Each structure stands twice: as structure tokens, then as C-alpha cells.
1. When the convex hull of the C-alpha atoms of the chain is computed, what volume per residue in Å³ does it have?
2. Residue by residue through the stretch 47-56, which ³J(HN,Hα) values in whole Hz follow from phi under the Karplus form 6.51 cos²θ - 1.76 cosθ + 1.60 (θ = phi - 60°), with glycine and proline marked x?
3. Read phi for every residue in the stretch 60-67 and hand back ³J(HN,Hα) as whole Hz from Karplus 6.51 cos²θ - 1.76 cosθ + 1.60, θ = phi - 60°, with x for Gly and Pro.
4. In nm, what is the difference between 0.36 nm times the number of residues separating residue 51 and residue 78 and their Cα-Cα distance?
5. Measure nothing but the geometry: give the 0 to 90° angle between the long axis through the Cα atoms of 30-46 and the longest principal axis through the Cα atoms of the chain, rounded to 10°.
6. Of the candidates 25, 63, 98, which one comes out as most mobile in a Gaussian network treatment of the chain with C-alpha springs shorter than 10 Å?
7. In terms of modelled amide H atoms, which long-range or inter-chain residues lie less than 5 Å from the amide H of residue 107?
8. Report, by chain and number, residues whose modeled amide H sits under 5 Å from the one on residue 74, excluding near sequence neighbours (fewer than 5 apart, same chain).
Amino acid sequence: MRSRGVLQVETEILVPFFDVDMLEIVWHGHYVKYLEVARCALLDRLAHTYMQMRDSGYAWPVIDLQLRYIRGATFGQRIIVRADLVEWENRLKISYLITDAVTGERLTRASSVQVAVHIASREMQLASPQVFVDAVQKALA
């Protein structure tokens with residue numbers, strides 16, 4: 001499920017009270033939000049954010065999301081969410097690893113896949129738009 005990518009970012013998150021249940025464990029659905037925070041940081045690193053995607057005429061919906069929970073994060077815990085760019089030429093695939101910021105213990109592994117959709121025609125693209133590929137190549141240079 002998790003592949004090391006060609007470009008990585010790490011984001012630290014302090015687990016807030018409103019994300020936990022009565023046992024002070026993060027509710028499973030909130031991990032998707034943590035992945036999104038890391039994904040936005042990765043797009044910032046590429047200098048091609050969601051706003052720039054939209055302005056170039058493309059939406060990038062998530063079409064696949066895989067999560068493997070290993071150990072639950074808890075209230076007040078500092079976690080690191082690492083996002084790795086794995087694929088970008090035909091789709092955007094990102095692998096994630098969530099670890100404890102202090103011990104490095106692995107908490108969750110995940111991956112997401114997004115595809116470009118031309119906003120005006122609503123047609124899914126079989127290849128990533130050149131503007132996005134160019135942004136990745138520039139970031140890798």
C-alpha cells in the first residue's frame with residue numbers, strides 16, 4: 001500500500017480534543033483530514049495547489065483511498081504525517097505514513113489516487129495535464 005515517492009513532505013499535527021472519542025482515541029474518519037493536510041503541503045511544495053489546479057481548468061477528485069490502521073492516535077499526541085509523491089503522469093498517487101512525533105512509532109499507512117477532470121467538459125483525463133506534469137518536473141529539478 002505504501003511506496004516511497006520521489007518527493008516528500010512531513011506535516012506535524014497536534015491531535016485536538018474535537019477529533020477524539022470518549023476514550024480519547026482519534027475517530028477513524030479524522031485520519032482522512034490529516035492526509036488532506038499533508039496532501040496540501042505536498043501540492044504547496046510542487047507550487048501547484050488546488051487553486052492553481054482549478055485555475056488551469058482541472059479538478060482532481062479522489063477516486064481511491066486506502067487506509068491501514070495500526071495503532072490509534074490519542075488526544076494531545078503529536079503526529080507526523082508524511083506524504084510521498086508516487087505517480088503523477090497519468091494520475092496523482094500519494095502514499096502516506098502517520099507516525100508518533102516523539103517515538104517514531106508507525107500509526108497508520110495510507111494511499112490516495114486522484115485523476116484530472118476537465119472542469120468545463122467534466123471529462124476524466126487519461127493523462128495528467130501538462131501544466132501539472134511541468135510543475136512536478138520543476139519541483140524535482
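1. 109
2. Residue by residue, the stretch 47-56 yields 6, 9, 7, 4, 5, 5, 4, 4, 5, 8 Hz.
3. These are the phi-based 3J(HN,Hα) values: 10, x, 6, 10, 8, 9, 10, 10 Hz.
4. 6.9 nm
5. The two axes meet at around 40 degrees.
6. Among 25, 63, 98, the largest mean-square fluctuation in the Gaussian network model of the chain belongs to 63.
7. Here 98, 99, 100 satisfy the definition.
8. So residue 74 has HN proximity to 26.
Taken together, the values in this text are just the output of simple stated rules run on the coordinates, not laboratory data. The model shown is predicted, which means the values in this text are computed figures rather than measured ones. So basically every Cβ, Gly included, is an ideal-geometry build from the backbone, and we count neighbours across all protein chains shown.
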